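The values are calculated or read from the model by the stated rules, or taken from the named source; none is laboratory data. Not measured: the values here are computed from a predicted model. Note that each Cβ is placed from the backbone with ideal geometry, even for glycine, and that neighbours are counted across all protein chains shown.
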Amino acid sequence: MKAKWIEVVSLRFEGPQFANHAIDLDTLAGLTRFQTLLTTLAKDAWRDRHLDRKNVPRNFERQLRLCLYQIKRGSVVVPLYVRSEPSPNEELFEDMDTVIHQAAGLVVKAVGALGKQEPLPERFPRSLIPALLDWASFESEEDLIEIHVPRRKPVKYNRFVRNRLEALLAEPHVTPVQITGEIFEANVRARRSLMSLPDGTEVSVTFSPDQEEAITSALKDHSLCRVHVSGVGHYSSSGSLSKIVDVTELTVKSVHDSQRIGSMDSFWAELDELSQLVPDEEWRKLPTDLSSNLDHYLYGHKKR
């Protein structure tokens, strides 16, 4: 399988700041922060599709590096691509195309909502508001970046959107949320539990008497299941989710479709997690022809 280029997003720079088709280096530097924003959202999307995995695959971020593959003529348009490369554990990367486009689509939905003075999408993490704010700045009201994602209507990122983001950061915020995580502590008397999210964040989740059995069951089998919660999220002024109250939905999901023992999927998942512990410099020491000449390196047989 050959590597392929996948167009993720095109950025059209408009206004006096970008006159004569020029982009200053500070603006280009902001694309690295845009990369971080997309990668974080893509990780969330990948974890939602792989509930049995604790970590994203090795080289996940490398697979999602944005590249300036070409510069389009006629205006200041920067198309950004990722280069999807073959992987020994291909089944873990087969949906990379999907998750990176989901991430870019969520950015477009967030920017579009802010431009219309609507709430941020529920699936957009409030903790990423600083990243969405800091990746670009403008010298005048006329300057903007138009974001194009395949099969979606373009949206404009400008000073108005940035001002909306700054206002959201200035005060604590309450909004509906949907999250999935691991229950690792529960207080039945106080009707409160602690949930660990995939990024390591710990969030307090209140529950009703009717939800007590599901919570205690999830706590008992915490390593084998994840809990999906819908409710009202309370965020700090820094954008961190601190607690969820008024839980309307609480669902316990198994992290495995089948038993871990005897499951080849689980075997490869565990093997890939172990491979992430090996430093990159050690992987580079392996012979490039190891797969075709395994008997030579193991037993000294003649190379093919």
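Among the residues of segment 287-304, none is identified as among the β-branched types (Val, Ile, Thr) and surrounded by 11 or more Cβ atoms within 10 Å (Cβ to Cβ). Going by the structure shown, is residue 177 closer than 17 Å to residue 234 by Cα and of a type in the set (A, V, I, L, M)? Yes, satisfied.
Which of the residues that make up segment 158-190 are closer than 13 Å to residue 114 by Cβ and of a type in the set (Lys, Arg)? Hits for segment 158-190 are 159, 162, 164. Taking the criterion of being in contact (Cβ under 8 Å) with a residue 40 or more places away in the chain and surrounded by fewer than 16 Cβ atoms within 10 Å (Cβ to Cβ), the residues of segment 8-22 that qualify are 16, 21, 22. So, residue 96, is that one modelled with pLDDT under 85, among the aliphatic types (A, V, I, L, M) and loosely packed, with under 15 Cβ neighbours inside 10 Å or not? So residue 96 does not fit the description; no.
Here is a check on your reading of the model: is residue 197 assigned by TED's automatic domain parsing to the domain that holds residue 121 and either charged (D, E, K, R) or modelled with pLDDT under 95 (or both)? Step through it out loud before you land on a result.
Values: assigned by TED's automatic domain parsing to the domain that holds residue 121: no; either charged (D, E, K, R) or modelled with pLDDT under 95 (or both): yes.
For residue 197, the condition - assigned by TED's automatic domain parsing to the domain that holds residue 121 and either charged (D, E, K, R) or modelled with pLDDT under 95 (or both) - is not met.
If the condition is being β-branched (Val, Ile, Thr) and assigned to a strand (DSSP E or B), then segment 135-158 contributes 145, 147, 155.
Considering only residues that are among the β-branched types (Val, Ile, Thr) and not in a strand (DSSP E or B), look in segment 212-247 and name the one that is farthest from the chain's Cα centre (by Cα).
216
Have a look at 52, 44, 26 and point out the one that is surrounded by 16 or more Cβ atoms within 10 Å (Cβ to Cβ), out of contact with any Asp or Glu (no Cβ under 6 Å at 6 or more places or on another chain) and over 22 Å from residue 149 (Cβ atoms). Quick ask: steps written out before the conclusion?
Working: 44 fails: over 22 Å from residue 149 (Cβ atoms); 26 fails: surrounded by 16 or more Cβ atoms within 10 Å (Cβ to Cβ).
One residue alone meets the criteria, 52.
Which residue pairs have Cβ atoms closer than 9 Å, lie 6 or more positions apart in sequence or on different chains, and pair a first residue in segment 217-233 that is on the phi < 0 side of the Ramachandran plot and acidic (Asp, Glu) with a second residue that is modelled with pLDDT under 95 and assigned to a strand (DSSP E or B)? Matching pairs, first to second residue: 221/252; 221/254. For segment 129-145, the count of residues that are under 19 Å from residue 232 (Cβ atoms) and not assigned by TED's automatic domain parsing to the domain that holds residue 241 is at least one.
Residue by residue through segment 159-211, note down the ones that are touching a helix residue (DSSP H, G or I) at 6+ places or on another chain (Cβ under 8 Å), assigned to a strand (DSSP E or B) and among the polar types (S, T, N, Q). Those that are touching a helix residue (DSSP H, G or I) at 6+ places or on another chain (Cβ under 8 Å), assigned to a strand (DSSP E or B) and among the polar types (S, T, N, Q): 175, 180, 193. Within the bounds of segment 231-245, is there any residue that is surrounded by fewer than 20 Cβ atoms within 10 Å (Cβ to Cβ) and of a type in the set (Phe, Trp, Tyr)? No: segment 231-245 contains no residue that is surrounded by fewer than 20 Cβ atoms within 10 Å (Cβ to Cβ) and of a type in the set (Phe, Trp, Tyr).
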